[in-house]
Amino acid sequence: MNLTKAVITAASPNHRSLPIQTLVDRDGVSRSVLEILLREIHSTGIEDVCLVIHPGDEDAYRQAIADTPVRLKFIEQKERRGYGHALSLAADFTKGEAFFHAVGDHLFISDDSKRSCAQQLIELATTEDCAMSAVQSTRETEIQHYGTIAGNLERSATGEALYAIRDVIEKPTPTEAEQKLIVPGLRAGRYLTFFGMHVFTPLVMEMLIAKVSTSSENIQLSPVLAELARREHYTALKVEGGRQDLSQKYGLFHAQLALALAGSESKAVMQDLLEIVARSRH
């Protein structure tokens with residue numbers, strides 16, 4: 001598998017402003033959320049990125065990523081037909097190739113000082129030559145926000161832990177998860193939820209296009225991925241790191257805090273936080 005392209009979806013009317021918000025990255029430089037994400041993608045060697053956006057947002061996005069190191073293509077989602085439909089609009093861009101995909105309203109903070117979260121995922125997906133999604137262990141009280149998988153533990157060719165995905169359910173209830181999404185080896189009340197980044201084979205785009213052409217309803221991604229698991233080997237990797245979902249309450253605050261604590265000035269930031277907490281008690 002040779003990955004040369006990436007697709008970012010950022011067309012949701014409710015979240016469209018999040019990628020252009022400014023944060024201070026772990027190097028202490030003020031950048032937009034989107035620019036931080038593009039730099040992570042570029043760290044993997046990918047130089048061509050397609051952004052699926054809300055109509056009329058291209059100028060604002062270009063202003064927010066003036067210092068981007070990648071080549072960009074913008075596609076507008078002119079019909080509100082769901083996440084899967086938005087991703088399908090990049091079919092001409094991917095041209096039947098495997099591709100990396102990330103959502104535009106997340107940031108990813110790696111715990112590995114040498115590899116970004118995207119690098120961890122892409123390196124192993126390339127070695128295994130299969131579709132692979134990054135996942136994170138999540139409490140049952142939070143799974144209603146994410147696509148959640150059922151899977152069996154297996155080992156990669158290099159001995160790393162992977163999960164062979166059996167099923168995918170979008171935003172399950174705790175009861176549904178307990179009945180259908182138990183993953184051996186996880187603590188009780190924990191489930192594997194999507195991290196916000198994936199490596200997809202061409203079959204994913206083929207299935208999305210087929211869904212769009214045969215249905216007038218909204219097209220979601222999780223049912224397509226559940227079908228993918230039945231048609232080809234599809235795996236999940238628990239990356240060393242954490243996702244920051246900017247669409248959640250205090251999402252931007254939590255993302256900024258995570259970036260600061262992962263950066264070179266973490267000790268100073270921690271001292272400032274302790275002083276703020278101490279003052280708040282008086």
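A short reminder: the numbers here are calculations on the coordinates, not readings from a lab. As the structure is a computational prediction, the values presented were derived from the model and not from experiment. Cβ atoms come from the backbone with ideal geometry, glycine included; neighbour counts cover every protein chain shown.
Available extension along the chain between A210 and T126 is 27.6 nm, counting 0.36 nm per residue and deducting the alpha carbon span.
Here the translational diffusion coefficient of segment 104-233 follows from Stokes-Einstein with Rh set to the Kirkwood radius across Cα pairs; for 25 °C and 0.890 mPa s it amounts to 157 µm²/s. Over all other residues within a Cβ to Cβ distance under 12 Å of L18, the charged ones net out to -2, with Lys and Arg as +1 and Asp and Glu as -1.
Only helices enter the 222 nm calculation for the chain: every DSSP H run of n ≥ 4 contributes -39,500 (n - 2.57), and dividing by all residues gives -10000 deg cm²/dmol, rounded to 500. Over all other residues within a Cβ to Cβ distance under 15 Å of S116, the charged ones net out to -2, with Lys and Arg as +1 and Asp and Glu as -1. Between E79 and A157, the C-beta separation translates, for a Förster distance of 41 Å, into a calculated FRET efficiency of about 0.45.
Of all lysines in the structure, the ones whose alpha carbon falls short of 25 Å from that of K95, not counting any fewer than 8 places away in one chain, are K5, K73, K78, K211. Exactly which trypsin sites (Lys or Arg not before Pro) in segment 224-282 are in a DSSP loop and have at most 13 other Cβ atoms within 10 Å? Filter output for segment 224-282: K249, R281. Considering only beta bridges that DSSP places wholly inside the chain, some 60 percent are antiparallel. For V70 and E227, the difference between the fully extended length at 0.36 nm per residue and the C-alpha to C-alpha distance is 53.3 nm. Legend: P(r) of segment 1-153 from all alpha carbon pair distances, 5 Å bins from 0, whole percents, reading 2, 8, 17, 21, 22, 17, 10, 3, 0. Over the Cα atoms of the chain, the radius of gyration divided by the Kirkwood radius equals 0.96; this is the Rg/Rh ratio. A DSSP coil position with no more than 13 other Cβ atoms inside 10 Å describes the following trypsin sites (Lys or Arg not before Pro) in segment 65-109: K78, R80, K95.
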